[in-house]
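Chemist: Handing you a structure now.
Any read-out appearing in this document is the output of simple, stated calculations on the displayed coordinates, not a laboratory observation. These numbers were taken from a predicted model, which means no experiment stands behind them. Backbone-built Cβ (ideal geometry, glycine too); neighbour counts: all protein chains shown.
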Amino acid sequence: MRTWKCCAVLLLWLGCVQAFPRDGRDFAGSYRLLSAVSRGASVNVTISVKLMNYGESEVSGARLVLKENNSQSSSLGAFSSTVSLAKRGQTELRGSFEVPREQYDLWQKGATPSFVVSYKDASGRPVERRVELVRMPPEVQQ
């Protein structure tokens, strides 16, 4: 029975190791909607994002860009500062975006904002990688 438990733990561990992002899924993190102000057909949102680099290399001079959920080609804006992330490094960003009301409504119904990390690779070619995000609950004020 002990051998069976050891094998189960080993298989679980191997599964976790394989779960680290590969093939372009190099970035993950969490986000929190800090505020939202309605402006008629749009909503001004302030978002905090904790971004982690699970890729195999350092990224520098990158931009974190907000895209429309149903159109990866349409950008809604980017955080004002550039990002440099060491391999397995992390950073936290905070910014405001003016988004269409339909976009905000999708987020309120459970959709996740669609962010990409945009940077140039070692050869100078532009790269965009999607960020896998999880929503964090609002912070409790004490």
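Chemist: Rank the residues D26, D121 as a footprinting-exposure proxy: fewest other Cβ atoms within 10 Å of their Cβ go first.
Modeler: Neighbour counts put them in this order, fewest first: D121, D26.
Chemist: For K109, give me every one of the aspartates and glutamates with a C-alpha distance below 17 angstrom, ignoring sequence neighbours fewer than eight places off in its own chain.
Modeler: Output for K109: E68.
Chemist: May I pose another question? Sort S74, S42 by Cβ crowding within 10 Å, fewest neighbours at the top.
Modeler: Exposure proxy ranking, most exposed first: S74, S42.
Chemist: Name the shape class, rounded, prolate or oblate, that the alpha-carbon gyration tensor gives for segment 23-135, where a ≥ b ≥ c are the square roots of its eigenvalues, rounded holds for a/c under 1.5, and otherwise prolate holds if a/b is larger than b/c and oblate otherwise.
Modeler: Here segment 23-135 falls in the prolate category.
Chemist: Over segment 23-135, calculate the relative contact order: mean separation of alpha carbon pairs under 8 Å at least 6 apart, over the residue count, as a percent.
Modeler: 33 percent
Chemist: Additional query: Using the Karplus curve 6.51 cos²θ - 1.76 cosθ + 1.60 with θ = phi - 60°, what ³J(HN,Hα) values do you get for each residue of segment 93-100, in whole Hz, with x for Gly and Pro?
Modeler: 10, 9, x, 10, 9, 9, 10, x
Chemist: Extending each Cα 7 Å along its Cβ direction at S81 and E132, get the distance between those two points in nm, one decimal.
Modeler: The answer from the label model is 2.7 nm.
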